[in-house]
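Below: one structure, written as structure tokens.
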Amino acid sequence: MLATLGVLLSACVTAAGMRYFAHWQWIGALVFGALIAATDPVSVIATFKEANTHGRLLVLIEAESLLNDGTAAVAFGVVIAVASGQPLTSIEISAMLFKTIGGGILCGGAVALGALLLAGRTDDHLVEITFTTVAAYGSFLLADHFGLSGVLATITAGLVMGNLRSVLLSWLSRSSCKA
């Protein structure tokens with residue numbers, strides 16, 4: 001909840017600053033505010049890793065950074081829709097947020113599971129690395145194609161491949177031994 005409100009507050013403060021200090025039109029200021037409101041998840045995570053932060057705090061900050069991306073993408077979409085004259089209700093905005101975040105996560109998970117199933121058919125580590133790279137980049141492209149969060153898709157694909165790889169590959173090897 002705080003990630004969403006924080007991004008929206010940051011976008012509004014930035015837009016107000018651009019409106020009153022730079023004398024921009026409101027719609028341009030809102031587009032700019034929504035565009036730069038999200039934090040960069042990579043730099044936040046890297047900063048915490050440099051500070052040797054571990055445990056629950058690191059997990060919470062990583063999750064918050066990823067939700068910031070989804071919220072900023074939806075805020076940008078809402079501002080662009082309003083700028084083009086399309087009226088939006090709060091239900092439509094909520095649905096857009098759910099679609100962007102949830103769809104990105106589902107897309108990343110699906111691509112990662114497909115890549116793991118393919119990687120489980122080989123013992124060559126170079127092929128497994130190739131599937132990992134294709135899953136990361138492919139999940140971003142697929143999510144972006146459908147208007148979902150590419151960053152969340154890529155992160156989810158990495159988490160699924162990193163955490164489920166050994167489980168899925170051992171299951172595949174057991175099931176192939178039985179056949």
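The values are calculated or read from the model by the stated rules, or taken from the named source; none is laboratory data. Values in this document were obtained by computation on a predicted structure and should not be read as measured data. Methodologically, a virtual Cβ is constructed for each residue, glycine included, from the backbone with ideal geometry; neighbour enumeration extends over all protein chains shown.
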Filtered residue count, the range 117-149, keeping only those that are buried (at least 23 other Cβ atoms within 10 Å of the Cβ), in contact (Cβ under 8 Å) with a residue 40 or more places away in the chain and within 25 Å of THR71 (Cα to Cα): 3
Any chance ALA51 is farther than 22 Å from ARG165 by Cα, at pLDDT below 90 and touching a Ser or Thr at 6+ places or on another chain (Cβ under 8 Å): no
Residue check, VAL59 within 22 Å of VAL78 (Cα to Cα) and out of contact with any strand residue (DSSP E or B) (no Cβ under 9 Å at 6 or more places or on another chain): no
Residue among LEU30, LEU67, LEU58 that alone is closer than 15 Å to LEU5 by Cα and touching a helix residue (DSSP H, G or I) at 6+ places or on another chain (Cβ under 6 Å): LEU67
All positions within the range 18-47 that are surrounded by 13 or more Cβ atoms within 10 Å (Cβ to Cβ), part of a helix (DSSP H, G or I) and without any contact (Cβ under 8 Å) to a residue 12 or more places away in the chain: ARG19, GLY28
From ALA51, ALA63, ALA72, ALA95, residue being among the hydrophobic types (A, V, I, L, M, F, W, C) and not assigned by TED's automatic domain parsing to the domain that holds ALA3: ALA95
Matching residues in the range 64-102 - criterion: being without any contact (Cβ under 8 Å) to a residue 12 or more places away in the chain and either crowded, with 18+ Cβ neighbours inside 10 Å or aliphatic (A, V, I, L, M) (or both): ALA81, LEU88, ILE91, ALA95
Given (1) farther than 22 Å from ALA38 by Cβ; (2) part of a helix (DSSP H, G or I), index of the condition GLN86 fails: (2)
